[in-house]
């Protein structure tokens, strides 16, 4: 009996990425039977993410194809949306992928690459509305599927997203086994994980913290949307 071809999964990183956006899903997806998970970037080498350095990355251009393409988010999304070379690689890999995916503000990168027009998509709550600039339909869901496109909400939603993808490609029993193996049974100490449930003063403080970056990212999103 011939051995099944590996399931090639690519995480496309950029400077300023949020590491949990991809390390959370990576932990889940690398446990899929036959999975070959590659973490790559435009120029290869090293990527710094919130004080952690990920080294020895291959170049995206050196990866001919993939089955699943995943773009994480992070504060570097603002620059990634304006990087024509990075977006070219995202479009190239997406063209041959069975599934095109994102976590957090990675959906803005997919949108800037012209891949979300007319599709429902999730995003981090603070920037979700910017998807509409690209003709996408912002969806508050933690994991959103529209055809072959799967998008996850902010940061920790990446684990839910990865389990959803695992069930899609390998079945629910496999996904549930992985969930059990990593003891993913979230029981947060506070009900403050969404703007709808967070105390008003907490929400206002985080909105102020994001303030300057929100303005810069919206300006970048408007420029990127004009190019799509």
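Side notes on the structure shown:
- DSSP bridge orientation in segment 7-227 - percent antiparallel, rounded to nearest 5: 30 percent
- Rounded D (µm²/s) - segment 3-45, Kirkwood Rh over Cα pairs, Stokes-Einstein at 37 °C, 0.692 mPa s: 290 µm²/s
- For segment 98-181, the spread of Cα positions along each principal axis, largest first, Å: 39, 25, 16
- Given R0 = 45 Å, the distance between the Cβ atoms of residue 129 and residue 43 translates into a calculated FRET efficiency of 0.90.
- Candidates 37, 174, 182: whichever shows maximal mean-square fluctuation once the chain is modelled as a Gaussian network with Cα springs under 10 Å: 182
- Largest-first principal axis extents of the Cα set of segment 34-85 (Å): 32, 25, 17
- Contour minus Cα-Cα distance for residue 30 and residue 190 (0.36 nm per residue): 54.6 nm
- Per-q log10 I(q)/I(0), the chain, q = 0.10, 0.13, 0.18 Å⁻¹ (Debye; single scatterer per alpha-carbon; no solvent): -0.42, -0.73, -1.41
- Expected 222 nm ellipticity per residue - DSSP helices of 4 or more, -39500 (n - 2.57), all of the chain, to 500: -12000 deg cm²/dmol
- Among 25, 64, 140, the residue with the largest mean-square fluctuation in a Gaussian network model of the chain, with springs joining Cα atoms closer than 10 Å, is 64.
- Full-extension gain in nm, residue 53 to residue 209, via 0.36 nm per residue minus C-alpha separation: 53.7 nm
- As a proxy for reagent exposure, 81, 214 were ordered by neighbouring Cβ count within 10 angstrom, fewest first; the result is 214, 81.
- Inter-probe distance in nm under a simple model that places probes 7 Å from Cα toward Cβ, at residue 202 and residue 181: 3.3 nm
- Residue of 46, 201, 172 that the Gaussian network model of the chain assigns the largest fluctuation, springs spanning Cα pairs under 10 Å: 201
- With contacts taken as Cα pairs under 8 Å at a separation of at least 6 residues, the chain carries a relative contact order of 19 percent.
Throughout, read-outs are computed from the coordinates displayed, never taken from laboratory work. In this text, all values refer to a predicted model and were calculated from it rather than measured experimentally. Every residue, glycine among them, receives a Cβ derived from its backbone with ideal geometry; neighbour counts consider all protein chains shown.
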